[in-house]
Amino acid sequence: MKKTVTALLTAAATLLCGAAFAQETVKIGVINAYSGQFADPGAQLDAGITLYMQQHGDTVAGKKIEIIRKDVGGIAPDVAKRLAEELIVRDKVDILAGALLTPNALAMGDVSAEAEKFMVVMNATTPVIITKSPYMIRTSATASQINGNFGTWIANQGVKQVYTMVTDYGPGIGSGTAFEEAFKAAGGEIVGQDRTPVVNPDFSPFVQRVAEADPEALYVWVPGGTQPPALAKALAERGITPENTKIYGQGELTDDAALEALGETALGIITAYHYNVHRDNAMNDEFVEAYRAANDGRDPDIYSIGAYDGMAAIYKALEATGGDASGEALINAAKGMTWDSPRGPIGIDAETGDVVQTIWIREVQMVDGKPANVIIDQVENAK
């Protein structure tokens, strides 16, 4: 009969017992999308890992750091679980990392819990992920962390009514729900709600309903890529612009690639994000310069900074344990840690293991003759 995962992991743990701490190499198994439709954000995540090791070396507390990469190919939780099991049983990794996408992160979390292995979520943002394993931390953000705090901030600016439009799948629904609950708790009113298709949406009928409702403000959540400029175009065609309707959204709405397509139609849009590549700070300037030099002039993004700080968390935890890579030692060291990141002050919540950080409020303004995200406010120590 085929052995169960538990039996395999127990056997491996028994063989390694007593030798784990003494080993000279700490192996990190990275499960990431290196191919398929998510290969580009996967490449950005991997570049963050690589840059951190280039800058800080591949030895921590006397232990050599080895990265073992596995390609999950896209949204494939069954594959992610199998790869995590293989990394632990066959490759004998000490740490699991990566987790670009929520379904894969959830599957990896189950293996982390069962094998008692430290795990770092470097991107996936669904809040529930962090509950899947007591040995897990996250260094990206959560949908509720960004959008809940954003909803409160908007209400505090005196905005009374908002119409919401979000993409009809997990991240969009979760972000919209967090925003709405926080906005209403702060005294605001949701005057309309819509959910747009995930793939190739025609925004026209949705935007028409917004125009007919004529709300004080519009909150939107759409994935990055082609959708932000398509939505902005549809809004502008129906006269819904920041000049007459306040427009809010998560950072993808006005990321740098989107701004190239949006042009001046984006001026005045306000977004919330946990990383701003143009943040005027010496550490960030150095990070961006180094990243561009290592990646053919490309800017770092949320995937890059999530992985970069994920490696920072691993290195700092290993330093604190003196090289002990057991799950129990690393999670105890990681919880409560704080450090300075190119994104700003960052830490790991001592109770949950989730990320604590500053959420940046940005407005699209003209800078050196072109639209850019300019920080206008911030929410510090956001959980």
Residues that are in contact with a Ser or Thr (Cβ under 8 Å, 6 or more places away or on another chain) and not in a strand (DSSP E or B), drawn from region 95-105: 102, 105
Residues that are assigned to a helix (DSSP H, G or I) and more than 19 Å from the chain's Cα centre (by Cα), drawn from region 286-300: 286, 289, 290, 292, 293, 294
Unique residue being in contact with a helix residue (DSSP H, G or I) (Cβ under 8 Å, 6 or more places away or on another chain), under 24 Å from residue 162 (Cα atoms), touching a residue at least 40 places away in the same chain (Cβ under 8 Å) and not hydroxyl-bearing (Ser, Thr, Tyr) when the list is 266, 290, 232: 266
For residue 175: the one exception among (1) outside any strand (DSSP E or B); (2) free of Cβ contacts under 8 Å to residues at least 60 places away in the same chain: (2)
In region 261-288, the residues that are at negative phi and small (Gly, Ala, Ser): 261, 266, 272, 282
Region 348-360: number of residues that are small (Gly, Ala, Ser) and crowded, with 19+ Cβ neighbours inside 10 Å: 1
Region 313-336 - residue that is aliphatic (A, V, I, L, M) and over 15 Å from residue 121 (Cβ atoms) and, of those, surrounded by the fewest Cβ atoms within 10 Å (Cβ to Cβ): 320
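We did not get these values from a lab; they are worked out from the coordinates using the rules stated. Just so it is clear, the structure is predicted and the values come from calculations on it, not from any experiment. In this analysis, Cβ positions are derived from the backbone assuming ideal geometry, glycine residues included, and neighbour counts consider all displayed protein chains.
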